[in-house]
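Working notes, structure below.
The values are calculated or read from the model by the stated rules, or taken from the named source; none is laboratory data. In this text the structure is predicted, and so the values were computed from the model without any measurement. No Cβ is skipped: glycine too gets one built from the backbone with ideal geometry, and neighbour counts run over all protein chains shown. Protein only, heavy atoms only, side chains kept; ligands, DNA and RNA dropped before computing areas. Shrake-Rupley method; radii C 1.70, N 1.55, O 1.52, S 1.80 Å.
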Amino acid sequence: MSNRDLTIFITLSFMWSLSFIFYRIGVPEFGSLAFASLRVVLAGITMLVFVLVSKKNRQGIRENWKVLTLVGLFSAAVPFILFAFSARSVNAGVLAVLNASVPMMSGFIASVFFKDRLYKKQILGLVIGVIGVVILMSENLFGGQGAESGSGLLPMGYALLACVGYAVGANITRNYLDNVSPVAITAGSLIIASVIMLPVAVYEFPYGKSISITAWVAVICIGVFSTAIALIFMNQLIKSIGPVRATSITLVIPIFAIIFGYLLLGEALDTPAIIGSMVILFGTYLSLELSFKKMLKS
């Protein structure tokens with residue numbers, strides 16, 4: 001991993017960790033569908049500016065619009081909706097930890113559908129990661145404190161399905177859009193997704209309801225910075241270091257998300273949540289089969 005890639009990696013970790021905070025702030029006021037659709041639409045508008053400014057940024061969009069539609073759906077529209085529903089009851093830290101299952105899913109999909117080889121260490125990581133998810137979602141571990149800890153089987157299930165979408169989108173990008181620039185991939189996928197989601201935004205918008213400035217800031221920031229700009233960075237990482245290593249960013253995001261959740265929202269993980277989180281993160285690390293020391297030196 002080059003110094004440039006490492007800088008992008010850290011910046012993206014910060015930007016995406018805040019997205020879980022924005023969910024927790026904005027969803028209660030806008031509603032899940034309205035917030036998610038506005039996120040996509042605002043991101044699409046942002047990328048439209050990039051496309052209009054430079055012809056280079058739109059090269060390959062027309063030729064690959066079908067694939068970009070799939071990327072827009074799997075990497076943006078569908079996961080954003082699922083995470084928005086999950087954010088109604090799951091706290092930011094737990095959402096970020098569940099999001100850490102993306103590298104495991106990405107590796108599994110790459111192995112099954114794109115013939116990438118999974119080594120024993122990666123398979124062990126997948127198994128451990130699954131165990132961690134089971135612990136995190138266990139009703140017995142959380143007992144009757146679900147409402148307080150932000151847990152819930154169905155909401156966390158939504159988050160896991162969103163992660164499947166991210167993993168599918170990452171592999172599609174790596175295998176079918178290799179000759180398209182990161183900006184064009186982001187612009188094409190988000191503009192197409194925004195067109196699809198615009199009717200939802202118009203229909204689901206909470207007309208007549210007073211929306212706070214904080215909620216408006218949350219939806220604007222998540223659309224512009226944590227989506228449009230962040231996906232440019234992510235697609236660059238996918239092309240530079242591959243989908244599995246690129247999605248290893250989900251190991252770092254929970255750290256920021258838990259800190260921000262505690263400082264900004266007063267959220268904290270209980271003991272069972274911490275146990276499940278550590279197991280998931282360890283499984284994710286193993287499934288990546290990489291050394292952070294080697295990554296920093298390379």
Practice task
Rank Val94, Pro79, Ile135 by how far each Cα sits towards the positive end of the charge dipole of the chain (+1 on Lys, Arg Cβ; -1 on Asp, Glu Cβ) and give me just the farthest.
Solution key: Pro79
Completion exercise
Placing each pseudo-label 7 Å from Cα in the direction of the beta carbon, Trp65 and Asn175 end up separated by a distance in nanometres of 2.5 nm
Fill in the blank from the handout: Per residue, accessible area of the range 1-91 with a 1.4 Å probe, heavy atoms of protein chains only, in Å², comes to 44 Å²
Practice task
Evaluate E = 1/(1 + (r/R0)^6) for Phe282 and Arg88, where r is the Cβ-Cβ distance and R0 equals 35 Å; express this FRET efficiency to the nearest 0.05.
Solution key: 0.75
Practice task
Measure off 7 Å from each Cα along the Cα-to-Cβ vector at Ile255 and Asn3, then give the distance between these two points in nanometres to one decimal.
Solution key: 2.1 nm
Practice task
Quick one: of Lys66/Lys120; Lys56/Lys115; Lys56/Lys239; Lys115/Lys239; Lys121/Lys239, which pairs are farther than 28 Å apart, Cα to Cα?
Solution key: Lys66/Lys120; Lys56/Lys115
Practice task
Taking DSSP loops as anything outside H, G, I, E and B, show the longest stretch in the chain free of chymotrypsin sites (Phe, Trp or Tyr not before Pro) there with at most 13 other beta carbons within 10 Å.
Solution key: 1-118
Practice task
Apply the membrane-span-like helix rule to the chain: whole DSSP H runs, Cα extent along the own long axis of at least 27 Å, mean Kyte-Doolittle hydropathy at least 0.5. List the helices found.
Solution key: 3-30, 32-53, 153-176, 182-204
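Tell me what the chain gives for mean residue ellipticity at 222 nm when only DSSP H runs of n ≥ 4 count, each as -39,500 (n - 2.57), the sum divided by the residue total, rounded to 500 deg cm²/dmol.
-24000 deg cm²/dmol
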Exercise for the section: Summarise the accessible area of the chain (1.4 Å probe, protein heavy atoms) by the percent that is carbon and sulfur. Expected result: 68 percent
Exercise for the section: Could you calculate the contour length gain from Tyr119 to Lys209, that is, 0.36 nm times the residue separation minus the distance between their Cα atoms, to one decimal place in nm? Expected result: 27.1 nm
Exercise for the section: Quick one: plug the Kirkwood hydrodynamic radius of the chain (C-alpha pairs) into Stokes-Einstein at 10 °C, 1.306 mPa s, and report D in µm²/s. Expected result: 83 µm²/s
Problem - Separation in nanometres of the label points that stand 7 Å from Cα toward Cβ, at Trp216 and Val53 - result: 2.4 nm
